[in-house]
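The values are calculated or read from the model by the stated rules, or taken from the named source; none is laboratory data. Small disclaimer: the values here were computed from a predicted structure and weren't measured. Here the Cβ is made from the backbone with ideal geometry for all residues, glycine too, and neighbour counts use every protein chain on show.
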Amino acid sequence: MISPSSIELSKSCLKNNIDYLQKRIGKKVKFVSVVKGNAYGHGIEKYIPTAEDCGVDYFAVFDACEAEMVFNVKKPKSKLMIMGMIANEDLSWAIENDISFFVFENSRLKQAIKDAEKIGKPAKIHIEVETGLHRSGFERDALKKAVKLINQNKKHLFIDGVCTHYAGAESIANYVRVQKQLERFNEIKKWLEQRGIVPKYYHTACSAAALVYPETRMDLVRIGIAQYGFWPSEEVRMHALLSKDEDFKERPLRRILRWKSRIMSVETVEPGEFISYGNFYQATKKTKIATVPVGYSHGYRRSLSNLGYVLVKGKKAPVIGMVNMSVMIINVTGIPMAKKGDHVVLIGKQGKHEITVASFSELSNLVNYELLTRLPESIPRVVRK
Ligand SMILES: *Cc1c(COP(=O)(O)O)cnc(C)c1O
């Protein structure tokens, strides 16, 4: 069947983003692609092989279910880390399959040691330390216990990382907090070294930290939003612009996602007629309208009723009336050539215009994260050059 809409991923834009980021961050720093939240809505299944084609060979997810999805499509040599939730029951699966995971409390550490011993293969762990985000990470006392356990069980463990996560590196308002975290991390690092714990990678940076604070890059960066072509915030974009970065002129980050549908039908409406349910939109003159088979059940927000725009033949067409469950109506009076079957762009570029994910909702850049991950898994993803 032909789906009412599809999400296209541009491989050349992704390649561009990864090359730019790797260059900015430094060739020697390991690039880890964060693909939690269904690869920020881009779709794990298609995204992973595309990123591998662009040179990525290490992925990070939040939980074990996401890890399983990535595991099923990644190349055997690509690595995988779980940064958050994995039940103690699933640790043996991760160990058997060489999947590394964050450890931030001792129950998980103890179980990992037990399972590793049973399987006869070391558990690959990242010791996450608390530095000020107060989400997860070993606090001082728990870390002391962990170090004891680790040192007693060295042959059952491989220390892939010592890591932390910042409390909002995308905003200058958090500057002091981030600097304190970095300081704290470096103290803990020294303290662990003195106790014989030296990981393969020290890692702390997400996209914003990696772009704004070079000292947070260390051995490895965990890059989410930026690889998909979005600046974590306007401040981070301005920072790159002001850093006199040679590459900046050529739009260094490019959106790789485009959400497309097609016109289902067209109709002409007489002045005075109401369009769609209720009386939210009344035609004041002869109006050419088109239906698009995408509604709020597909992730197109109802709050865009009478407000949103889409692109048809490279021109903007307003959404009129209520967005329905499975269909919306657009005004194509200004596009007389519009006909059934024409492409409709809901997010992304067509001709000179672009519908951005942010304009798709409120004004803040931070909503990009939320809106992207809300794109339903059921919309087919298609990779193009
Ligand atoms: C989501 C996440 C990242 C990536 O964040 P971006 O801002 O998207 O780059 C990095 N590290 C951890 C622990 C995360 O949860």
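Remarks
- Taking first residues from segment 1-30 that are of a type in the set (S, T, N, Q) and partners that are part of a helix (DSSP H, G or I), the Cβ contacts under 6 Å between residues at least 6 apart in sequence or on separate chains come to 17/227.
- Positions within segment 101-131 being among the small types (Gly, Ala, Ser) and touching a strand residue (DSSP E or B) at 6+ places or on another chain (Cβ under 6 Å), in sequence order: 112, 116, 123
- Filter result for the condition that a residue is of a type in the set (S, T, N, Q), surrounded by fewer than 17 Cβ atoms within 10 Å (Cβ to Cβ) and at pLDDT below 95, over 265, 243: 243
- When 240, 205, 209 are checked against the criterion of being closer than 23 Å to residue 48 by Cα and within 16 Å of the ligand (Cβ to nearest atom), 205 stands alone in meeting it.
- For segment 59-96, a residue qualifies if it is over 18 Å from residue 127 (Cα atoms) and either within 16 Å of the ligand (Cβ to nearest atom) or modelled with pLDDT under 95 (or both), and the qualifying residues are 65, 66, 67, 70.
- Of the strands (runs of 3 or more DSSP E) lying entirely inside segment 175-291, the ones with 2 or more residues being over 26 Å from the mean Cα position of the chain (by Cα) are found at 265-269.
- Tabulated pairs, segment 308-324, first without any contact (Cβ under 8 Å) to a residue 24 or more places away in the chain, second of a type in the set (Gly, Ala, Ser) and assigned to a loop (DSSP other than H, G, I, E, B), C-beta under 7 angstrom, 6+ apart or interchain: 319/305; 319/308
- Residue among 130, 89 that is under 19 Å from residue 201 (Cβ atoms) and among the acidic types (Asp, Glu): 130
- Only one of the listed residues (6, 33, 10) is among the small types (Gly, Ala, Ser) and buried (at least 22 other Cβ atoms within 10 Å of the Cβ). That residue is 33.
- Among the residues of segment 175-188, the ones that are buried (at least 18 other Cβ atoms within 10 Å of the Cβ) and away from the ligand (no atom under 16 Å from the Cβ) come to 1 in all.
- If you check 108, 140, 135 for being surrounded by fewer than 23 Cβ atoms within 10 Å (Cβ to Cβ), basic (Lys, Arg) and within 19 Å of residue 189 (Cβ to Cβ), only one passes: 140.
- Here the condition is being modelled with pLDDT under 95 and under 30 Å from residue 149 (Cβ atoms); of 205, 167, 173, it holds for 167 alone.
- Matching residues in segment 37-58 - criterion: being within 16 Å of the ligand (Cβ to nearest atom) and either part of a strand (DSSP E or B) or of a type in the set (Asp, Glu) (or both): 58
- Counting the residues of segment 150-174 that are away from the ligand (no atom under 16 Å from the Cβ) and assigned to a loop (DSSP other than H, G, I, E, B) gives 1.
- Any hit, segment 273-293, residues being small (Gly, Ala, Ser), away from the ligand (no atom under 16 Å from the Cβ) and touching a Pro at 6+ places or on another chain (Cβ under 6 Å): yes
- For segment 331-347, the criterion of a residue being within 23 Å of residue 43 (Cα to Cα), modelled with pLDDT under 95 and part of a loop (DSSP other than H, G, I, E, B) is satisfied by no position.
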